[in-house]
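The values are calculated or read from the model by the stated rules, or taken from the named source; none is laboratory data. All values derive from a computational prediction rather than experimental measurement. Positions of Cβ are generated from backbone atoms using ideal geometry, with glycine treated the same way; all protein chains shown enter the neighbour counts.
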Ligand code: ZN
């Protein structure tokens with residue numbers, strides 16, 4: 001059983017913000033900012049690729065509920081809702097989870113990935129072929 005399965009089952013204590021039959025929402029023990037929450041499905045799911053549709057359909061409304069409460073309760077200016085899939089994407093616990101991170105103006109925090117520098121220059125001169133990139137994604141979309 002993975003660490004998030006144990007947390008979701010209540011076997012490892014965590015500051016729980018919300019719980020229902022499908023999810024537990026806790027405060028991250030290593031927060032990016034105070035109030036950094038993790039939305040964790042109770043059933044083990046590795047990542048978005050393995051996630052059932054009902055979980056995916058429920059998770060974003062729940063993220064909105066948590067983010068709204070963070071904004072109202074903590075007075076933050078903004079919220080980053082982040083979800084990582086796979087080691088290369090920064091996933092460190094391989095049990096699907098969504099981060100909801102309170103943000104404040106001038107808090108000095110940045111998402112750790114940087115946009116490709118080419119996106120900051122003239123699109124016509126960029127190394128990214130946007131049409132081809134879009135085509136490759138769209139042709140396999142189901
Ligand atoms: Zn798990």
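Sort out which residues of segment 60-95 are farther than 30 Å from residue 106 by Cβ, surrounded by 12 or more Cβ atoms within 10 Å (Cβ to Cβ) and more than 15 Å from the ligand (Cβ to nearest atom), and write them in order of number.
Of everything in segment 60-95, just one residue is farther than 30 Å from residue 106 by Cβ, surrounded by 12 or more Cβ atoms within 10 Å (Cβ to Cβ) and more than 15 Å from the ligand (Cβ to nearest atom), namely 86.
Residue 101 is checked against (1) within 16 Å of the ligand (Cβ to nearest atom); (2) in contact (Cβ under 8 Å) with a residue 60 or more places away in the chain; (3) in a strand (DSSP E or B) and fails just one. What number does that condition carry?
Result: residue 101 fails condition (1) only.
Name the residues in segment 1-30 that are in a loop (DSSP other than H, G, I, E, B), in contact (Cβ under 8 Å) with a residue 40 or more places away in the chain and away from the ligand (no atom under 13 Å from the Cβ), would you?
If the condition is that a residue be in a loop (DSSP other than H, G, I, E, B), in contact (Cβ under 8 Å) with a residue 40 or more places away in the chain and away from the ligand (no atom under 13 Å from the Cβ), then 28 is the only one that fits.
When only residues in segment 31-47 that are surrounded by fewer than 16 Cβ atoms within 10 Å (Cβ to Cβ) and within 19 Å of residue 86 (Cβ to Cβ) count, which is nearest to the ligand (Cβ to nearest atom)?
Applying the filter and picking the extreme gives 44.
One residue is enough: does segment 59-81 have a residue meeting the conditions at pLDDT 95 or above, touching a strand residue (DSSP E or B) at 6+ places or on another chain (Cβ under 6 Å) and in a loop (DSSP other than H, G, I, E, B)?
Within segment 59-81, none of the residues are at pLDDT 95 or above, touching a strand residue (DSSP E or B) at 6+ places or on another chain (Cβ under 6 Å) and in a loop (DSSP other than H, G, I, E, B).
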